[in-house]
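Trainee: Here it is, the structure in full.
Rule-based calculations on the coordinates, nothing more; no lab input. As the structure is a prediction and not an experimental result, all values here were calculated from the model. For neighbour counting, all protein chains shown are included, and Cβ atoms are generated from backbone atoms with ideal geometry for every residue, glycine included.
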Amino acid sequence: MKKNLLYSFALTFISFAFIVNTDAQKKIGLFDAQTDVGKVLHKGSASFDPKTKNYTIDGSGYNIWGTHDEFHFLYKKMKGDFILKTNLAFLSKQGKVDDRKIGWMVRNSLDTSSEHVIGTVHGAGLTSLQYRKSKGAITEEKKFTLTAVDFIQLERKGNVYTVTVSKSGGAPETQSIELKLKDEVYVGFFVCSHDKDVVDKAQFSNVSIKF
């Protein structure tokens, strides 16, 4: 009798674990999965509206900077060259608005210290191309003259990554970096509140992924 009860409990637990894992990896619009990167205090989330084609993402995390990162990531794995485009905007009016970040990210792995290239706009408007050349290295950046942009494009062509930004349909500005990442990388949207106790919200619209 005890063996049967233990067997039933084990089957129930395995089934529940499978359902949870399957749900976590459920496809969201154009993307394969979502996850929190780093030891965030508040779990993030991502959703897709099939009518508007908009993505809404909630994310926490202390920062995407220095030698490691914490944020929420909606991603898919991609190989070769590609062009990523989106309009984007914060929906929340909280947190450390000067430094919170949203944008496109290309990342070698889901490790908190992974190499990466980012096209990001901060809460106070600062817009930049950020990159980490090697695992655990200090993050570097190239700042744009434009601020508070509402459009970001990130293109990979070989080992060259080019970020193009614009504001309300105005003239674009471009920054590039040469960096050797893996052929297969994690590509997607990120939200980082830059305040471990806060969850920020952002919307991504008119999304295009070409490869």
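Trainee: How large is ³J(HN,Hα), in whole Hz, for each residue of the stretch 67-78 in order, when computed from phi with the Karplus curve 6.51 cos²θ - 1.76 cosθ + 1.60 and θ = phi - 60°, using x for Gly and Pro?
Mentor: 9, 7, 10, 9, 5, 9, 10, 9, 9, 9, 8, 9
Trainee: For the chain, modelled as a GNM with alpha-carbon contacts under 10 angstrom, which of 70, 155, 140 fluctuates the most?
Mentor: It is 140.
Trainee: What angle do you read, to the nearest 10 degrees and between 0 and 90, between the alpha-carbon axis of helix 2-24 and the longest principal axis of the chain?
Mentor: 20
Trainee: Something else: What FRET efficiency comes out for the pair residue 208/residue 39, r = Cβ-Cβ distance, R0 = 30 Å, nearest 0.05? Write down the numbers at each step before the final one.
Mentor: Values: r = 33 Å, r/R0 = 1.09.
Efficiency at R0 = 30 Å is approximately 0.35.
Trainee: When the chain is modelled as a GNM with alpha-carbon springs shorter than 10 Å, which of 52, 174, 86 fluctuates the most?
Mentor: Greatest mean-square fluctuation among the candidates belongs to 52.
Trainee: Just rank 194, 42, fewest to most, by other beta-carbon atoms within 10 angstrom. List each step's numbers first, then the result.
Mentor: Working: 194 23, 42 16.
With the fewest neighbours first, 194, 42 line up as 42, 194.
Trainee: Something else: Please list, ordered by chain and number, the residues whose modelled amide H lies under 5 Å from the amide H of residue 41; skip anything fewer than 5 residues away on the same chain.
Mentor: When sequence neighbours closer than 5 places are left aside, the close amide H contacts are 61.
Trainee: Still on this structure, I have one more. With θ set to phi - 60° and the Karplus curve 6.51 cos²θ - 1.76 cosθ + 1.60, what are the ³J(HN,Hα) couplings of the stretch 122-132 in order, to the nearest whole Hz, using x for Gly and Pro?
Mentor: 8, x, 8, x, 3, 10, 7, 9, 9, 7, 10
Trainee: Given labels modelled 7 Å from the Cα in the Cβ direction, how far is it in nm from residue 53 to residue 150?
Mentor: In this crude spin-label approximation the distance works out to 1.7 nm.
Trainee: Where does each of 104, 65 land when they are ranked from fewest to most other beta-carbon atoms within 10 angstrom?
Mentor: On the way: 104 23, 65 18.
With the sparsest Cβ surroundings first, the list reads 65, 104.
Trainee: Return 58, 183, 98 ranked ascending by Cβ neighbour count within 10 Å, so the fewest neighbours appear first.
Mentor: 183, 98, 58
Trainee: What distance in nm separates the simple spin-label points at residue 141 and residue 173, each placed 7 Å from Cα in the Cβ direction?
Mentor: Using points 7 Å along Cα→Cβ, the separation is 1.3 nm.
Trainee: With an 8 Å cut-off on Cα pairs and a minimum separation of 6 or more residues, tell me the relative contact order of the stretch 29-210 in percent. Display every interim value, and only then the final one.
Mentor: Details: 565 pairs, mean separation 58.2, N = 182.
It rounds to 32 percent for the stretch 29-210.
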